[in-house]
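The values are calculated or read from the model by the stated rules, or taken from the named source; none is laboratory data. Since the model is a prediction, treat every value here as computed from it, not as a measurement. Counting neighbours? That spans all protein chains shown, and the Cβs are built from the backbone with ideal geometry, glycine included.
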Amino acid sequence: MTHKLTLSPSLYHQFEKLVLEINLIRQLTTHPGEKGHEFEGILKNFLKDVVPKRYKLSTGFIVNESGISGQTDIMIYNQNEIPALYSGYELEIIPVHSLAASIEVKMTLTPAMVTKCQTDAYKIKRLFRGSVKAQIDGMNEDEREKYPEPLCVLFAYNTDSSTIKSFIDKLNEPDEKGIDLILLMDKGYISWDPINKIYKYSDGSGYKYLGASSFNLNITKSHRFFLEFYMEFINHLYNYNSVIPNITSWAQLDIVYFDE
């Protein structure tokens, strides 16, 4: 079955700009640390133009009453309802209650790196389930559905020579899974199927893009799977709701560092 979508010229050109900047930094910058930091900045700038305005993008740590995550490359959180607990020069600390999505950014991803990314994402899910889920468990089913778990995303600009199957096998390996969406910009889009409990791959070929010829857009394979990823990502942000935490009760509790 072929689904029909309209790819706006605006989003098309934003994606083209993203790819152009990535390729430029890849060619001109040789220091791995600086290159990685710049890649994160490029993705942040792209997202700032497309996410709902109630969200803030930052780098830092996520906490609940008794735990804290490892450092997260990009946190997307609802700053209007629940501000950061701490805002420094480069890092912020936010309650998991405000987190809509986390993004781990990799320059070059290998299957071996996927295991740690999966573990880090699951830590964030644990923070949510240990705090927010406990608050909403008393609600009826319709009310609980208004408060989904934060989306955990893995975004890779490039991969090694491994096949898509190698990445999916590695994602399906651990029992405890946290990653929801994976965008491999040179290979395709992988998403978690919560019904069948497996990861699935798509290159966007099941979609027909309307308006491409009218706007003289050259739709490639990369545009197809990027748009499919983008749709699911943005849909989550628009439908996400925050649960207000009881911050005053946190002071007496011991913090557990999940990454130790």
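The test for being surrounded by 13 or more Cβ atoms within 10 Å (Cβ to Cβ), modelled with pLDDT of 90 or more and out of contact with any strand residue (DSSP E or B) (no Cβ under 7 Å at 6 or more places or on another chain) holds for PHE46. Among all positions in segment 30-38, there is no residue which is modelled with pLDDT of 75 or more and farther than 23 Å from ILE103 by Cα. Hey, can you tell me all the residues within segment 92-139 that are within 17 Å of ASN241 (Cα to Cα) and without any contact (Cβ under 8 Å) to a residue 24 or more places away in the chain? Listed by number, the residues that qualify are ARG129, LYS133, ALA134, ASP137, GLY138, MET139.
The number of residues in segment 65-91 that are of a type outside the set (A, V, I, L, M), surrounded by 18 or more Cβ atoms within 10 Å (Cβ to Cβ) and touching a residue at least 40 places away in the same chain (Cβ under 8 Å) comes to 5. State all residues of segment 99-128 that are surrounded by 14 or more Cβ atoms within 10 Å (Cβ to Cβ) and charged (D, E, K, R); if no residue qualifies, say none. The answer is GLU104, LYS106, ASP120, LYS123, LYS125, ARG126. Summed over segment 44-79, the residues that are assigned to a loop (DSSP other than H, G, I, E, B) and closer than 24 Å to GLN14 by Cβ give a count of 7. Where residues in segment 141-197 are touching a residue at least 60 places away in the same chain (Cβ under 8 Å) and of a type in the set (Ser, Thr, Tyr), which of them is farthest from ILE244 (Cα to Cα)? Of everything passing the filter in segment 141-197, TYR157 is farthest from ILE244 (Cα to Cα).
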